[in-house]
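Below: one structure, written as structure tokens.
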Amino acid sequence: MNTKFDVYGMGNALVDVQFQVCEQALHDLDLDKGGMRLVDTAQQNILLDYCRHLSAHRASGGSAANSMIALAQLGGRAAYGCLVGDDELGRFYFDEMQSLGVHLHTPPVSGQPTGTCIILITPDAERTMNTALGASGVFAVEHVTEDALKQATWLYLEGYLFSTPSGQAAARRALELARKHRVKVSLTCSDRFIVEACGDALRAAVAECDLVFANQQEAGAYVGQERAEDIFPRFRDSAPNVVMTRGDQGAWGTFGGTTFQVPAVPVQALDATGAGDMFAGAFLYAITHSYTAEDAARLACRLSSKVVSQLGPRLHGDVTALLRDG
């Protein structure tokens with residue numbers, strides 16, 4: 001079947017605002033290091049005021065959005081279903097995503113600000129995220145575009161969608177349309193918080209997926225185990241194809257009947273933001289462009305190592321050149 005898009009992603013539209021901070025900042029702000037929390041606009045403004053003297057790095061983001069950007073930069077065909085506000089940040093988001101080659105089709109919504117994610121990065125490269133969903137919090141069934149989804153080979157859902165009832169309903173609608181049009185379904189668990197707080201809804205979606213991504217902590221929470229050797233066999237049974245990323249230990253997975261263990265590429269990490277998103281985007285690019293499962297994982301590990309060695313969730317320059325480096 002001829003398709004217009006390799007992957008139709010669906011998830012939050014967030015403008016990422018990153019600050020490099022010291023450990024004391026997390027203590028001052030009473031934040032759990034390495035976690036993600038949902039906050040309101042007032043709480044977000046407190047964080048911005050605290051960081052007002054620091055240099056900020058701003059980029060269009062959201063977990064699935066970062067993956068679609070990675071896929072597009074590698075030469076894939078990406079579309080993204082999301083919702084931004086009718087404001088300056090929304091226009092920034094829409095224009096930047098279009099310039100990066102990601103097709104957006106849902107118009108801005110009035111009365112809601114564009115979502116933001118303030119990311120505080122400590123010297124050990126760990127990122128602590130504070131998300132105000134804004135317009136993304138009202139993404140609902142009516143924002144799932146059948147015409148775009150049916151033209152894709154794969155649907156890709158981010159776990160963060162399951163943090164709101166309307167997002168869960170939108171995910172269920174997307175799964176229905178994927179079955180209707182024989183579009184393969186992939187999903188990322190996104191965060192241990194999502195696995196623990198949205199377990200039933202997430203598990204119902206996983207049961208309908210062809211491919212599931214999770215890092216070791218998320219997969220461990222999903223199956224109730226702690227050691228990688230105990231987690232993976234149980235996680236592997238959750239879907240026909242799974243990939244479990246393990247940070248500097250690489251990735252384990254099974255896809256198309258092939259089970260693999262791929263090592264990480266050693267690197268001096270600066271910012272872990274977007275590592276998992278890059279992995280998923282590169283892996284999806286590879287499996288839609290005739291790579292073997294193991295080669296797809298090797299490419300994904302290599303590009304993830306590059307993204308953590310810089311500030312920000314995406315690579316810059318001619319990313320397709322990295323396909324020739326391997």
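Inside the stretch 132-153, can you point out the residues that are acidic (Asp, Glu) and under 26 Å from GLY76 (Cα atoms)?
Of everything in the stretch 132-153, those that are acidic (Asp, Glu) and under 26 Å from GLY76 (Cα atoms) turn out to be GLU146, ASP147.
Filter the helices (runs of 4 or more DSSP H) completely within the stretch 210-309 down to those with at least 3 residues that are at pLDDT 95 or above and within 21 Å of THR128 (Cβ to Cβ).
216-223, 275-287
Check off (1) out of contact with any strand residue (DSSP E or B) (no Cβ under 7 Å at 6 or more places or on another chain); (2) surrounded by fewer than 16 Cβ atoms within 10 Å (Cβ to Cβ); (3) on the phi < 0 side of the Ramachandran plot for GLN261 and give me the number that stays unchecked.
(1)
Answer with yes or no whether LEU161 is crowded, with 22+ Cβ neighbours inside 10 Å and part of a helix (DSSP H, G or I).
On the way: crowded, with 22+ Cβ neighbours inside 10 Å: yes; part of a helix (DSSP H, G or I): yes.
For LEU161, the condition - crowded, with 22+ Cβ neighbours inside 10 Å and part of a helix (DSSP H, G or I) - is met.
Among the residues of the stretch 179-190, is any free of Cβ contacts under 8 Å to residues at least 60 places away in the same chain and under 17 Å from ASN12 (Cα atoms)?
We begin by selecting, within the stretch 179-190, every residue free of Cβ contacts under 8 Å to residues at least 60 places away in the same chain; these are 179-181, 184-185, 187, 189.
Checking the rest, the ones that are also under 17 Å from ASN12 (Cα atoms) come to 187, 189.
Yes - at least one qualifying residue is present in the stretch 179-190.
Give the residues of the stretch 70-97 that are charged (D, E, K, R), farther than 22 Å from LEU315 by Cα and touching a strand residue (DSSP E or B) at 6+ places or on another chain (Cβ under 9 Å), sorted by residue number.
ASP86
Run VAL307 past the list (1) in contact with a Leu (Cβ under 8 Å, 6 or more places away or on another chain); (2) farther than 22 Å from GLY62 by Cβ and report the number of the one that doesn't hold.
With respect to (1) in contact with a Leu (Cβ under 8 Å, 6 or more places away or on another chain); (2) farther than 22 Å from GLY62 by Cβ, VAL307 is out only on (2).
Within the stretch 125-134, is even one residue surrounded by fewer than 20 Cβ atoms within 10 Å (Cβ to Cβ), farther than 29 Å from LEU177 by Cα and among the hydroxyl-bearing types (Ser, Thr, Tyr)?
no
The values are calculated or read from the model by the stated rules, or taken from the named source; none is laboratory data. As the structure is a computational prediction, the values presented were derived from the model and not from experiment. Positions of Cβ are generated from backbone atoms using ideal geometry, with glycine treated the same way; all protein chains shown enter the neighbour counts.
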